[in-house]
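No lab work stands behind these numbers, since they all come straight from the coordinates. All values reported here derive from a predicted model rather than from experimental measurement. Ideal geometry is used to build each Cβ from the backbone, glycine not excepted, and the neighbour counts take in all protein chains shown.
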Amino acid sequence: MAKASEVKTGNVLRFNGDLVSVEEFLHRTPGNLRAFYQAKMRNVKTGKLVEYRFRTDEEVTICRVETSDYQYLYEDGDFLVVMDNNTFEQYNIPKLLFGPSIKFLKEGMNVVIAFESEEPIMAQTPNTVELEITYTEPAVKGDTSTSALKYATVETGVEIRVPMFVNQGDKVKVDTRTGDYIERVK
C-alpha cells in the first residue's frame, strides 16, 4: 500500500476492485480547506473514465505492470497467440484488448502488451502499418483533377479509401487508429 501522494500520472491502480490507469493527477489546496488530490482515471477493461478525490494520507494500491514487445503469430478463436521476443514463450491474448485496430494486424507484426501479475491488461498495435492493396478499381481518366478517393481492399481484408493513383499491388501506409490512408510506400 502506498499513500495517495506517491501516485503519478501513468500509474495503474487497483481502485474499487478494478484496474484503472491514472490519466491526470493534480494536487489541490483550496483556500482554508484541507489539501486533496484530484484524479482522472480510466478503467483498463471497460475504458470508462472515473474521477475521484483522494485525501493526502489515503492509502492506494499501485499495481506493478510489465510492458514488453511481442510478435503476433496467429489467431485462435477469441484469442491471438503472441510470442515474447526475448524468451520465445507464447501467450493467448483476448482480442478485445486490441480494440478496432486488430483488423489491420498481420502475422509477424510486433505488438506491445502490458501484464499485471500474469494477466494481460492492455494491448496495442503499431500506430501505422504497411499493407499491400489486393483489389481496387482502376482510375478513370479525368477523375484525378480533384482529391477524389476510391475504395481499396488491403491484404488483411479491410476496405479503406485511397487516392485515385493507387493501384492493385501497391504498398500503402495506413493509420491503425483511424483506418486512414497515409502514403504510398515505394
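Quick one, which of (1) 43, 22, 11; (2) 37, 26, 14; (3) 57, 24, 12 is the actual semi-axes √(5λ) of the Cα gyration tensor in Å calculated for this model? The value computed from this structure is option (1). Among the GluC sites (Glu not before Pro) in segment 1-89, those placed in a DSSP loop whose Cβ has at most 16 other Cβ atoms within 10 Å are E58, E89.
The label point for D180 and the one for E119, both projected 7 Å from the Cα toward the Cβ, are 3.7 nm apart.
The overall shape of segment 2-62 is prolate: from the C-alpha gyration tensor, with semi-axes ordered a ≥ b ≥ c, the ratio a/c is 1.5 or greater and a/b exceeds b/c. The alpha-carbon of K150 sits under 18 angstrom from the alpha-carbons of these lysines, leaving out residues fewer than 8 places away in its chain: K141, K171, K173. A cut-off under 9 angstrom between Cβ atoms defines the neighbours of T156, and their net charge, with Lys, Arg +1 and Asp, Glu -1, is +1. Taking the Cα centre of the chain as reference, the dipole from Cβ charges on Lys and Arg (+1) and Asp and Glu (-1) amounts to some 860 debye.
For trypsin sites (Lys or Arg not before Pro), the sites in segment 1-75 that DSSP calls loop and that have at most 14 other Cβ atoms within 10 Å are K8, R34, K45, K48, R64. Relative contact order, whole percent, for the chain stands at 14, derived from Cα pairs under 8 Å and 6 or more residues apart. In summary, the lysines within cross-link reach of K48, defined as a Cα separation below 19 angstrom excluding same-chain residues under 8 places away, comprise K40, K95.
Quick one: T156, T46, fewest Cβ neighbours within 10 Å first, how do they rank?
By the 10 Å Cβ count, ascending: T46, T156.
Restricting the chymotrypsin sites (Phe, Trp or Tyr not before Pro) of segment 1-104 to loop positions (DSSP other than H, G, I, E, B) with no more than 13 neighbouring Cβ atoms within 10 Å leaves F88. Give me the distance between the Cα centres of segment 31-97 and segment 145-186, rounded to whole Å. Result: 33 Å between the Cα centres. For segment 2-62, averaging the sequence separation of C-alpha pairs within contact (under 8 Å, six or more residues apart) and dividing by the residue count gives a relative contact order of 38 percent.
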